[in-house]
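The values are calculated or read from the model by the stated rules, or taken from the named source; none is laboratory data. All figures in this text were calculated on a predicted structure; none of them were measured in a lab. Virtual Cβ from ideal backbone geometry, glycine too; neighbours counted across all protein chains shown. Areas reflect the complete protein model, heavy atoms only, side chains present, ligands, DNA and RNA absent. Shrake-Rupley method; radii C 1.70, N 1.55, O 1.52, S 1.80 Å.
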Amino acid sequence: MKNVILDLENTLRSFQQEYARSEARIKAAAEINYSEPVEVILRAKKNRELPGIYGTIAELGKVDKKYSVALEIAAGARMQSVVVDSDEDAARAISYLKERRLGRVTFLPLNKMEKMQSISRKEKEGIIDYAINLVDYDKRFTSAFWYVFRDTIVTDDLMTARKLMGGKRLVTLEGELIEKAGAMTGGTIKSKLSFASGEEENLKRIAEQITEYGGRHRSAAGKLEKLDEHIAQLKSESSNFDNEITKQQMLLEEIKSRGTRLNELIEVRRNELRAIDVERAEIKKKMDWIEGSKRTQDEQINALVQETREIEELLKGSEVPELSSKASKIEEEIHRIEGRLRDIEAGINAINLDKKYAQAKIDETKERLAGLDNKKSVLREKINSQGEQIKALESELGVRNIKEKELGGELVELQNRRSHVQKEERSLKDRLDEVQRLANEMERSLVALNSTRDALSDQIIALDNEIAELGLNRNEEVPSSESIASRIGALMRAMEKLEPVNMRAIEEYDEVEKRQKDLKSRRDTLFHEREEIILRIKKCEEMKKEAFLTTFKEVNEQFKQVFAELSDGSGELFLENPDDPFSGGMTIKAKPSEKTLQRLEAMSGGEKSLTALSLLFAIQQFRPAPFYAFDEIDMFLDGVNAEKVARRIQKASSNAQFIVVSLRKPMIEAAKRTIGVTMQENNISSITGIMLN
C-alpha cells in the first residue's frame, strides 16, 4: 500500500508540474501585444459593439510548442489580421475605425476569401510539413489560414531549406525565412506575438487527472492510515503476547531450574536415606546382637542373681556389692543404646516426611508446568488466529482496491458532469452579460428620454409663451382644421426628430431614481462605516505601538540584568526604527565580560547560547509562562556558565515550572527532581527517578 501511495504521489507531483508549465504557457500566450487599432476592434467585439468578429489569427490558431517559432515567422504581421464573418462586417469595422481615427486593420471576410488549394505532402528528409497543416484551427477558418500561410513549407534547418530554394516559400524551426523569389531573412527573434499553444484542453485534462489522482491518493492515504492503525494495534497485541510468552517462558525456565534443584535435593535426600537405611540395618544388626547379648546377659544375670543370692547367703562379706555395681553399669549401657536406637528411628521418620513434602512439591510443579504448556498453546492458537485475521484484512484490502477502481470510473463520470455544469455556467454568464448589455442600453435610452422630456418641456413653455404673445386663450374656440393639420404636421416632424421614444421612460426613470437614492443611502452608510473603521484601526495601531514599546522597555531592562548576571558583561536591545517599530527589526548589542563588542556571527557557541538565554529569561521575567521545556541548552557552555544558568533556572522556578534535558552536573545538582532514562536491550527504556535535597 505504501508503494501504491508513493507511486500516486509521484504521478500527482508530475501532473502538478506539467499543470504549472501549461498554465505558464497559457499566461504567456494570453499576454499578446497587438497594435492599438486591433486592440480597439477586439474591445468593440467584447463589448458587442461590432457583430460578426471571430478574432485574430493568433487567437484562432493553436500550435505545438516546437513549431511555434517557425509558424509565427511564417505568419508574420498577418497574425494580427482579424477574421470576420462577411465583407459587410469588415466594412462596418472599417467605418468604426475611420470615424474614430484609430488606424488601420486587415480584415479577412470568410465569405470572400480564396478557398484553400490542394497541396501534396512532401516526403523528403528534412521537410516536416506544410505550415498550414501544423496549425490546429476551426475548419470554418480554413480560407483565412490559407491566406496567411499559403503553401509555406517548414523544414528542420537552414541547410535543408537552402537545398530546396527556388519557387517555394520555406521557414526553418529556428525562424529563418526564405521567400519564393530567393530573399532570405534570419537572425535573432524579438516577436511579441505568438499562437495559442493548445494547452487549454491539455490543462483541463491534467486538472481532471490531478483531481482523480488526488482523490485516489487521499483515499489510499486514509486506507493506509486505518491499516497502519490496525497493524499497530495488532503489533501491540502481538508484542503484549510475546512479552507474556517471554514472561511465561522465563517463569517456565525458573520452574525448570527449581525442579532441577529439587531433583538434586531429592537425590541428595535419597542418598542420605540410603545411607540411613544402611546405617539402620547395621544398627539393627547391632541391636539384634545387643538383644542376643542382652538375653544372654539377662540369663547370665539371672543365673548370677540366683547364684548371688545363694552366695550372699553362703558368702557374706565377699565381693558381691562390687559385682552388683557392675551389673548396674551394664543395665545403664543397655538403656543408652535403646535411647540411641529410638533417636535413629525418629530421624528416619523425619526424613520420610521431608521426602513426602518434596514429592508433593514436585507434583505441584509438574501441574504448573502442564498449565503453562496449555496457556502457551492457547497463545499460539491466538497468534495463528491473528495471522488469519491479517490475511483476511489483506484480502479485504484487495476487494477495496477493486472497489476504488470502480469508484474511479464513477469519479470520471462525475467529472464529465462537472464539465457539463461548467459549460452551463459559462452559458448563464453569457446570458448575464447580455442582460447587462441590455441594461446599459436601457440606461442610454433613459438618458435619451430625459433629454426628450426636457425638450418637450421647453417646447411647452415656448408654446405657452407664443400663445401669450399672440394674446390667445386656451379656453378659446378650437382653431380650424387646416391650422390644426399644419400644426400636427409640424409636431409630427418634431416627434420624428426625437424618435425612437420609449413609452415607459417615465416609469423606468422613477425606478432608476429610486434605486439611485437607495444606492446613495447605502454609499453614505458605507462611507460612515469606513470612517469609523479607519478611526478604530488608527486607535488599534496606536494601542499596539504603545503596548509594544512598553513591553520592549520592560524586556530590555530585564535583558540588561539577566545578561549581566549570566556573562558579567553588558547587553542591550535596540530598535532599528524607534518611531515606527513595526517597519524595522530589533538588534541585540551584547558585550560579554572582557570582550569587545562583536557581531553575532563572530561569537562563540557558548556566548551565543548565553545571549539567547538572556533574552528568553528576560521575557520570562517580564511575563512568566507556566511551563518551560529546555533541551540541552547548556551543551555549548563551560562549567562556570552552566552553573550560572542552572542557578538562574533555579531562581526562576519559583514563578514557573522548568523541565530541562541535560547531561551537565551543575544542572542536575540544581534540580529538585532528576529522572534518568537509559536504553536497555531490545530497545526498552529504563527510567530511574530520584529526589535531591
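If I model a spin label as a point 7 Å beyond the Cα along the Cα-Cβ vector, how far apart are those points for Thr106 and Arg270 in nm? Simple spin-label model gives 12.0 nm for this pair.
For the pair Ile533 and Glu237, the difference between a 0.36 nm per residue extended length and the Cα-Cα distance amounts to 100.5 nm. Two numbers describe the Cα atoms of the range 31-142: Rg and Dmax, which are 15.7, 53 Å.
With R₀ set to 41 Å, the beta-carbon distance separating Thr246 from Lys356 gives a calculated FRET efficiency near 0.70.
Compute the length gained on full extension between Ala652 and Lys285: take 0.36 nm times their separation in residues and subtract their Cα-Cα distance, giving the result in nm to one decimal. Can you show the working numbers first?
Details: separation 367, 0.36 × 367 = 132.12 nm, distance 9.14 nm.
Using 0.36 nm per residue and subtracting the Cα-Cα distance, I get 123.0 nm.
Placing dummy labels 7 Å off each Cα toward the beta-carbon, the span from Glu396 to Lys115 is 7.0 nm. For the residue pairs Lys226/Lys376; Lys45/Lys429; Lys517/Lys539; Lys560/Lys651, the alpha carbons lie more than 22 Å apart in Lys226/Lys376; Lys517/Lys539.
Using a 1.4 angstrom probe on heavy atoms only, work out the carbon and sulfur share of the accessible area of the range 537-583 in %.
Numbers: 1590 of 3050 Å².
Reported share for carbon and sulfur atoms: 52 percent.
Accessible area per residue, 1.4 Å probe, Å², for the range 560-693: what's the number? Provide the component values of the computation, followed by the final result.
Working: 8820 Å² over 134 residues.
I get 66 Å² per residue for the range 560-693.
What trypsin sites (Lys or Arg not before Pro) does the range 76-133 have in DSSP loop regions with at most 12 other beta carbons within 10 Å? Hits after loop and neighbour filter: Arg101, Arg104, Lys112, Lys115, Arg121, Lys124. Computed FRET efficiency, Cβ-Cβ of Glu632 and Gln386, R0 60 Å: what is it to the nearest 0.05? E(calc), rounded to 0.05, equals 0.90. Once the Cα-Cα distance is subtracted from the 0.36 nm per residue extended length, the Glu557 to Val412 segment shows a gain of 45.6 nm.
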